[in-house]
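What follows draws every value from the coordinates through simple rules; no lab data is involved. All values reported here derive from a predicted model rather than from experimental measurement. Cβ placement follows ideal geometry from the backbone for every residue including glycine, while neighbour counts extend to all protein chains displayed.
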Amino acid sequence: MKRITILGSTGSIGRSALEVVSKHSDGFKVVGLTAKGSVDVLLRQIREFKPEAVAVYDRTAAKELRKHTRVPVFDGEDGVCRVASHESSDFVLSAIVGFAGLLPTLSAIRAGKTVGLANKESLVVAGEMVMGEARKKKVRILPVDSEHSAVFQCLEGRGASALKRIILTASGGPFLGKGRRELADVSPEDALKHPNWSMGRKITVDSATLMNKGFEVMEAHHLFGIGPGSIDVLIHPQSILHCIVEFTDGSSIAHLSVPDMKAPIAYALSYPERLNGVIPRLDLSKVGTLTFKPPDLEGFPCLSYAYEALKEGGTVPAVLNAANETAVEAFLAGEAGFNDIPAIIKETMDSHVKSGIDGIESVKEADRWARKKAGEVIRRIGGGKKR
Ligand code: NAD
Ligand code: MG
């Protein structure tokens, strides 16, 4: 019986993970759950899974939750970190969205838990620190992002010395094929209509701008120790083939499945075993055609900014991430256009004076600085007007 904690249990990944757990309840016991607020959803999850502890980031929501349950409810970032390091869990699924996932992920690692990592932003902003802590604590980080789970499965048992190149595939999102001019007027509703994957709002917008794929390049670098020059991206609108791993002898191994996050979530949860019947089987005779083409970096420059930030290192990746989070929030609130997202990120990155990362404080400081700077850019270019 694996004893698991789910950080971000009310989100898209968190709910899919609990679906997997409830279908395989003989293999898993839920020890901890955490969320930002969402008292009603959390309460239903508490009643069904009977965790030993929960945490709610929002203190008012935590107070409300306490009125309805006897399970200990911790609050604030400290409370989330406390549940992330709860003594009786073996496995922590890190599925909080954004920068907010960093400290809880580090807490789980420092407490020696195996981590199933969905929160890619923690590797984007502090990849060296996170992987360094994991090495120090001899903690395994199991990728949950579908492409990285795919790479992990292709690599298993093969030494990194035989690895030549990783190709991550991207659906291209809802705006595939559109040029900059057409992108100028797309709405948040359009951006939230992802053709193949059902995900939280922030990552869905990141997929539409290709920033998500940029983050995944950075994530792959940290997870698999491969340089940015050896990580490529291919647009594959069918989202059936999730990665290609090329070896030094010229041969490649690819990973295929129907697009369903339950597969990589279940693989991280059950590793090194596989669970039965997690997702529908793939019928290639029905899919028919798989197509591939290079990404359009002119229409979707966020992907290039991620490569740039990865090559620069230091505080630049944290600045990239914070500027993106701020820009995406503004876009979703109708305070910035779709093409403003890359413009806000670029201006914030260009005005940043890079420094080294010498601890969590320097990451937090870069994050704070970039949010403030990006906010100024948004006010200037948007004039604070609702579109
Ligand atoms: P989501 O928005 O659906 O859920 C986010 C979860 O985080 C919620 O439970 C929310 O309550 C919690 N949360 C938000 N802010 C918080 C805070 N300040 N403190 C504590 N908890 C907080 O997001 P999602 O789509 O499930 O994505 C979660 C993570 O997984 C992201 O990093 C995303 O990039 C990654 N990911 C998601 C998918 C997917 O299919 N959804 C695929 C690959 C990777
Ligand atoms: Mg992915």
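Some values worked out for this structure:
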quantity: Rule-of-thumb Rg ratio for segment 332-374 [Cα; 2.2 N^0.38 Å; N residues]; calculated: 1.35
quantity: LYS50-GLU77 FRET efficiency (beta carbon distance; Förster radius 30 Å; 0.05 resolution); calculated: 0.75
quantity: ³J(HN,Hα) computed for each position of segment 134-139 - Karplus, 6.51 cos²θ - 1.76 cosθ + 1.60, integer Hz, glycine/proline x; calculated: 5, 5, 4, 8, 6, 9
quantity: Other-chain or far-sequence residues with amide H under 5 Å of LEU142's (modelled H); calculated: VAL115, GLY116, LEU117
quantity: Distance between segment 321-387 and segment 177-253 - C-alpha centres, whole angstrom; calculated: 21 Å
quantity: Rounded Å value of the spacing that divides the Cα centres of segment 77-125 and segment 57-73; calculated: 20 Å
quantity: Per DSSP, loop chymotrypsin sites (Phe, Trp or Tyr not before Pro) in segment 280-387 with at most 16 further Cβ within 10 Å; calculated: PHE292
quantity: Around GLY250: net Lys/Arg minus Asp/Glu count, Cβ-Cβ under 12 Å; calculated: 0
quantity: For segment 100-212, the spread of Cα positions along each principal axis, largest first, Å; calculated: 49, 34, 21
quantity: Euclidean distance between Cα centres, segment 255-286 to segment 10-34, Å; calculated: 16 Å
quantity: Point-to-point label distance, LYS164-LEU297, nm (Cα→Cβ direction, 7 Å offset); calculated: 2.2 nm
quantity: Distant-in-sequence amide H partners of ASP232 (H built 1.01 Å from N, under 5 Å); calculated: ILE166, ILE167, LEU168
quantity: Stretchable slack from GLU156 to LEU284, in nm (0.36 nm times residue separation minus alpha-carbon distance); calculated: 43.6 nm
quantity: Anisotropy class of segment 250-352 from Cα gyration tensor, a/c 1.5 cut; calculated: prolate
quantity: Paramagnetic reach from SER230 (point 7 Å along Cα→Cβ, amide N under 18 Å) across segment 106-139; calculated: 128
quantity: Per-residue ³J(HN,Hα) for segment 272-281, Karplus 6.51 cos²θ - 1.76 cosθ + 1.60, θ = phi - 60°, Hz, x for Gly and Pro; calculated: x, 7, 10, 7, 8, x, 6, 9, x, 6
quantity: Modelled FRET efficiency - R0 35 Å, GLU182 with VAL258, Cβ distances, 0.05 increments; calculated: 0.75
quantity: Length added when fully stretched, GLU273-LYS36, from 0.36 nm per residue minus Cα-Cα; calculated: 82.2 nm
quantity: Longest DSSP-loop-exposure-free segment, GluC sites (Glu not before Pro), the chain, at most 15 other Cβ within 10 Å; calculated: 157-272
quantity: Of LYS50/LYS138; LYS138/LYS202; LYS137/LYS164; LYS293/LYS346; LYS120/LYS364, pairs whose Cα-Cα distance is over 20 Å; calculated: LYS50/LYS138; LYS138/LYS202; LYS137/LYS164; LYS293/LYS346
quantity: Beta bridges per DSSP with both ends in the chain, % antiparallel, nearest 5; calculated: 30 percent
quantity: Nearest-20 debye value, the chain charge dipole, Cβ charges on Lys, Arg, Asp, Glu; calculated: 860 debye
quantity: Built amide H within the under 5 Å cut-off of LEU192, gap 5+; calculated: none
quantity: Kirkwood Rh in Å, taken over the chain so that all alpha-carbon pairs contribute; calculated: 21.3 Å
